[in-house]
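Right, one structure below, let's go through it.
The values are calculated or read from the model by the stated rules, or taken from the named source; none is laboratory data. These numbers come from a predicted model, not from an experiment. Virtual Cβ from ideal backbone geometry, glycine too; neighbours counted across all protein chains shown.
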Amino acid sequence: MSNDTRISRSGAEIIEAMAKHDAEWLKTRRVGCAEHVPHNNTIRLWAYAEGRDYYEVDLERCRTAEQFTDLVFHLAGKTWCQSNVMMDFLLCLERAIKERHNQNPVTFFKVAGAAMSER
């Protein structure tokens, strides 16, 4: 008998779950406790007790790989920023970058960083 406790999912189940998450994103701009606010280009992390308050991340201050790395370490130092909160933030950031700039995050940070270094 195997000790493998991983949950096995079919390709159809994975696609169905992805479609559900995509539909939810389009409706709410949320991934778990992370919410993208397009009008001011921020991500709100609803990670405090009972969701009554949030921590807001200004994405204009996260335009280079260096700024992104600083932000991740800054968030990781917060007592409320558990691994699930960080994952929600990263997934929300990825979707926000794709939606706003039509790029994946790796390309975005390379292009934005190169443009800033030319100034």
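Points worth noting:
- Among the residues listed as 10, 83, 2, the single one being more than 15 Å from the chain's Cα centre (by Cα), of a type in the set (Gly, Ala, Ser) and at pLDDT 75 or above: 10
- Cβ-Cβ distances below 9 Å connect the following pairs, each with a first residue in the range 93-119 that is more than 22 Å from residue 36 (Cα to Cα) and of a type in the set (S, T, N, Q), a second residue that is surrounded by 13 or more Cβ atoms within 10 Å (Cβ to Cβ) and at pLDDT 85 or above, and a separation of six or more residues or different chains: 117/64.
- Residues of the range 49-59 satisfying the condition of being under 15 Å from the mean Cα position of the chain (by Cα) and either β-branched (Val, Ile, Thr) or at pLDDT below 90 (or both): 57
- Within the range 62-89, the set of residues being loosely packed, with under 13 Cβ neighbours inside 10 Å, free of Cβ contacts under 8 Å to residues at least 24 places away in the same chain and assigned to a helix (DSSP H, G or I) comprises 69, 73, 74, 76, 83.
- Residue in the range 18-38 that is modelled with pLDDT of 85 or more and part of a helix (DSSP H, G or I) present: yes
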